[in-house]
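Below: the structure, in structure tokens.
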Amino acid sequence: MKSITVEAEKKYQVTFPESWQDQISSFINSQNTLIITSEFLQERYQLVQKFPDSKFLILPEGEEAKSIAQIERGLDRAGEIGLDRQSLIVGIGGGSLTDYSGFLASIWLRGITWIAVPTTMAGMVDAAIGGKTGINSRYGKNLIGSFYSPRETIIHLDFLASLADRDVSAGLSEVIKAGFIGDREILNILEDFTIEDFKSGLGGAQIGVIEQLIWKSIKVKADIVSKDFKESGIREFLNYGHTLGHAIEKHSNYSLRHGEAVSIGLAFASMLSVEFAGLDQNIASRHMKLLEKFSLPVSYSGVSFEEILPFLLKDKKMKGSLLRWVLLNDLEKPLIVENISIEQLSSLYQRIIG
């Protein structure tokens with residue numbers, strides 16, 4: 001079985017098993033287990049029938065799950081079924097659901113074992129890797145959380161067959177990000193790939209290419225996290241495109257997928273990189289071509305910078321009164337820039353109003 005090692009507060013594996021069901025079962029057979037999933041995934045994969053000895057918590061889809069009210073539901077469920085320090089939480093779902101599952105595991109009895117089983121592209125290459133867990137506050141995304149790694153993250157491509165094209169595209173924005181900050185070969189592969197290849201490839205000859213894209217993207221994140229688990233240094237590079245992306249995601253009241261908002265953030269970050277980090281314009285143009293190729297937005301129509309600014313100023317990466325931006329000097333060469341004024345940001349933002 002192929003695996004990627006992540007060195008965090010503990011060492012764990014991101015695995016690619018032949019059977020996700022058998023891999024989960026190998027952990028839960030002897031433990032009191034709470035499986036956290038969505039109604040859609042329960043119905044599609046008949047999870048209650050597959051894991052009859054486990055207890056279940058069914059959450060809403062997407063960011064709606066990541067609320068204090070839903071965490072209270074989870075804590076009540078944990079108490080009701082008697083989860084103890086030998087118990088296990090298994091999160092099966094997209095990035096929002098694995099974020100939730102890890103956070104619940106981190107605060108119940110000051111931390112019990114959990115396993116992440118991401119079922120979306122974004123979850124596989126980003127949210128379920130690296131041990132960041134959390135929920136949203138009314139003041140911003142992921143402001144309530146913890147660093148708490150799973151015992152294992154299980155990757156299986158079969159789950160991707162259920163995704164709509166929009167969700168495939170949204171997940172690919174994180175793959176594109178990984179290519180620019182850490183592995184240019186990802187970009188080369190994507191330039192010879194299409195959404196149609198992806199959908200047909202899950203059952204055909206392109207399956208190896210899809211696995212390679214996911215593997216390489218996870219490896220970029222795993223290598224960075226292993227060097228800087230708690231984001232005191234280079235882990236910030238993973239936020240390329242996310243400063244504006246999170247602000248837009250919150251402003252849209254999560255009507256935009258996380259990856260769609262990050263795509264707009266990547267477009268903006270590439271412009272900032274040309275102006276303030278010496279990035280070649282051809283590399284910035286490469287951002288736009290790849291994002292648009294996979295039907296991702298590169299503009300945020302009709303919303304002024306003044307409307308977005310309050311959300312930017314609540315970004316958790318701020319240092320004092322300065323916004324911190326991850327920019328690129330070249331392919332695979334990210335850096336942090338702090339000295340961009342609000343006036344300069346506003347001027348460049350006009351280009352992505354659309």
So, with points 7 Å from each Cα along the Cβ direction, the Val48-Glu191 label distance in nm works out to 5.1 nm
To the nearest 20 debye, the chain has a Cα-centred charge dipole, built from +1 on Lys and Arg Cβ and -1 on Asp and Glu Cβ, of 760 debye
What helix-only [θ] at 222 nm does the chain give? Using -39500 (n - 2.57) per DSSP H run of at least 4, over all residues, to the nearest 500, the answer is -13500 deg cm²/dmol
What the 10 Å binned alpha carbon P(r) of the stretch 15-90 shows, as percent of pairs per bin from 0, is 17, 47, 33, 3
In terms of the charge dipole of the chain, which places +1 on Lys and Arg and -1 on Asp and Glu at the beta carbon, the residue among Phe51, Ile107, Ser3 farthest towards the positive end is Ile107
Taking N as the residue count of the stretch 246-354, its alpha carbon Rg divided by 2.2 N^0.38 Å gives 1.01
With R₀ set to 30 angstrom, the calculated FRET efficiency between the beta-carbons of Asn32 and Asp158, to the nearest 0.05, is 0.65
For the stretch 38-145, listing chymotrypsin sites (Phe, Trp or Tyr not before Pro) in a DSSP loop whose Cβ sees at most 12 other Cβ atoms within 10 Å gives Tyr139
Heavy-atom accessible area with a 1.4 angstrom probe orders Lys55, Lys333, most exposed first, as Lys333, Lys55
Summed over the other residues with a beta carbon less than 12 angstrom from that of Asp158, with K and R at +1 and D and E at -1, the charge totals -1
Working note, the stretch 84-231: Cα radius of gyration (Å, one decimal) and Dmax (Å, whole number) are 15.8, 50
By the Kirkwood definition, with r running over pairs of different Cα atoms, the chain has a hydrodynamic radius in Å of 20.5 Å
Longest principal axis of the chain (C-alpha) makes with the long axis of helix 258-276 (C-alpha) an angle, in degrees to the nearest 10, of 30 degrees
For Ser146 and Ser226, extending 7 Å from Cα along the Cα-Cβ vector and measuring point to point gives, in nm, a value of 2.5 nm
Once amide hydrogens are built 1.01 Å from N within the peptide plane, the residues lying 5 or more places from Trp114 or on another chain with amide H under 5 Å from its amide H are Ile89, Arg151
So, with points 7 Å from each Cα along the Cβ direction, the Arg166-Met1 label distance in nm works out to 3.5 nm
Taking the alpha-carbon centre of each part, the distance from the stretch 1-48 to the stretch 64-78 in Å is 21 Å
Dividing the surface of the Cα convex hull of the stretch 37-152 by four yields a projected area in nm² of 6.7 nm²
Checking the stretch 1-90 for GluC sites (Glu not before Pro) in a loop per DSSP with at most 13 other beta-carbon atoms within 10 Å yields Glu9, Glu18
Trypsin sites (Lys or Arg not before Pro) in the stretch 62-130 lying in a DSSP loop, each with at most 15 other Cβ atoms within 10 Å of its Cβ, come to Arg85
Largest first and rounded to whole Å, the semi-axes √(5λ) derived from the alpha carbon gyration tensor of the stretch 68-132 read 21, 12, 9
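The values are calculated or read from the model by the stated rules, or taken from the named source; none is laboratory data. All values reported here derive from a predicted model rather than from experimental measurement. All Cβ positions, even for glycine, are placed from backbone atoms using ideal geometry, and neighbour counts span all protein chains on display. With ligands, DNA and RNA removed, areas are computed over all heavy atoms of the protein, side chains included. Shrake-Rupley method; radii C 1.70, N 1.55, O 1.52, S 1.80 Å.
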